[in-house]
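Trainee: Quick one: this structure, given as structure tokens, is what I'll be asking you about.
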Amino acid sequence: MKHILFSIIFGALCTLIFINYISPPRKNKKSELNEAIIKLTKQCIHFINISVNDINPLTAMLKANYAIAYYWAINDIIDSEKLGNMLDSDLNKLGKYVTTVKDKANNNLILWINNNKNSNTNINYN
């Protein structure tokens, strides 16, 4: 009976030690949050650049929508002062630029649709 109890305790100890050595070290929550914010900001800027440089107004609008969604995610997670300290940028300036790009993409899409409606193309808008 003593041998069985000893082997169970020894096995549990060996398992815990093995798991601690095999599992990667955990990062603290603050560094994970900082990494997530940096990734979201990079994605936002990436989609803004794609939207500005896109020739097709439909895909430019789609990319502008992606960019504004990333901006809203950043805005929900962090305030502008903390982001300014992290990235040396202002969240309000980024927000103004994203909304400007989205408005321009929206206007270009409306103009494109109106121009195609006036031509004799077989595009169904219903």
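Each value in this text was obtained by applying a stated rule to the coordinates, not by laboratory testing. If you're wondering where the values come from, they're calculated on a predicted model, not measured in any experiment. Neighbour counts are summed over all protein chains in view; Cβ atoms, including those assigned to glycine, are modelled from backbone coordinates with ideal geometry.
Trainee: For segment 30-118, what log10 I(q)/I(0) values come out of the Debye formula at q = 0.19, 0.24 1/Å, with one point per alpha carbon and no solvent?
Mentor: -0.79, -1.09
Trainee: With point charges of +1 on the Cβ of Lys and Arg and -1 on the Cβ of Asp and Glu, referenced to the Cα centre of segment 30-118, which listed residue (TRP112, ALA60, GLN43) lies farthest in the positive direction of the dipole?
Mentor: TRP112
Trainee: How much FRET efficiency would the formula 1/(1 + (r/R0)^6) give for TYR97 and ILE9, where r is the Cβ-Cβ distance and R0 is 35 Å, rounded to 0.05?
Mentor: The value I calculate is 0.05.
Trainee: Let me ask you something else. Find how much the distance from ASP76 to LEU33 grows on full extension, using 0.36 nm per residue of separation minus their present alpha carbon separation; answer in nm with one decimal.
Mentor: Net length gain for the segment: 14.2 nm.
Trainee: Here's another thing I want to ask about it. Between ASN114 and LYS42, what length in nm is gained on full extension when 0.36 nm per residue of separation is reduced by their alpha carbon distance?
Mentor: Contour length minus the Cα-Cα distance gives 22.5 nm.
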